[in-house]
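See structure below.
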Amino acid sequence: MPTLTLRNRNQLTLRQRDCDELGIAVGDELESHVDEQGRLILQSKKNQGKLALQEIQAVMQSSGISLEDLQQEAQIVREELLTKEYGKKQ
């Protein structure tokens, strides 16, 4: 495992290979936290949406809900909201 050195002003330099793998570049934001084992975890904010979608897909697959079912239900709810708020259907 490569070693990073903490520099002045608490700065770390990441290897280009790691940046490429994460899809990050200079100026991108990272979130950080320390886990229960004392490890520093860095996560690209760019990838959070992608990870959230993957989690949603996994939950949908395990529950047996199809994308089509979800879209149909969303359309029903949308029509109900439009009727409630504006008194009309789409």
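Can you sort VAL59, VAL26 by how many other beta carbons sit within 10 Å, fewest first? Walk me through the numbers before you get to the answer.
Details: VAL59 10, VAL26 5.
In order of increasing Cβ crowding within 10 Å: VAL26, VAL59.
Over segment 7-84, the fraction of Cα-Cα pairs per 10 Å bin, rounded to whole percents and listed from the shortest bin up, is 13, 28, 24, 19, 12, 3.
Treating the beta-carbon of each Lys and Arg as +1 and of each Asp and Glu as -1, no other charges, what is the dipole magnitude of the chain about its Cα centre, to the nearest 20 debye?
420 debye
Applying the Kirkwood pairwise sum to the alpha-carbon positions of segment 47-90 produces a hydrodynamic radius of 12.1 angstrom. Helix 67-86 and the longest principal axis of the C-alpha atoms of the chain enclose an angle of approximately 60°. I'd like the orientation of helix 46-63 relative to the chain: the angle between its Cα long axis and the longest Cα principal axis, in ° from 0 to 90, rounded to 10. That helix lies at roughly 50 degrees to the long axis. Across GLN75, GLN61, GLN37, mean-square fluctuation computed from a Gaussian network of the chain (C-alpha pairs under 10 Å connected) peaks at GLN37.
Counting other Cβ atoms within 10 Å, keep those with at most 14, restrict to DSSP loop, and tell me which trypsin sites (Lys or Arg not before Pro) in segment 7-63 are left.
Answer by residue number: ARG15, ARG39, LYS45.
Calculated FRET efficiency, ASP20 to LEU82, Cβ-Cβ distance, R0 = 41 Å: about 0.35 to the nearest 0.05.
Among MET60, MET1, a tally of other beta-carbon atoms within 10 Å of each Cβ gives an order, fewest to most, of MET1, MET60. For segment 2-9, the Karplus equation 6.51 cos²θ - 1.76 cosθ + 1.60, evaluated at θ = phi - 60°, returns couplings of x, 9, 9, 10, 6, 9, 3, 6 Hz by residue, with Gly and Pro reported as x.
Here, each number is a calculation from the coordinates, and none is a lab measurement. Here the structure is a predicted model, which is why all the values come from computation and not from measurement. In this analysis, Cβ positions are derived from the backbone assuming ideal geometry, glycine residues included, and neighbour counts consider all displayed protein chains.
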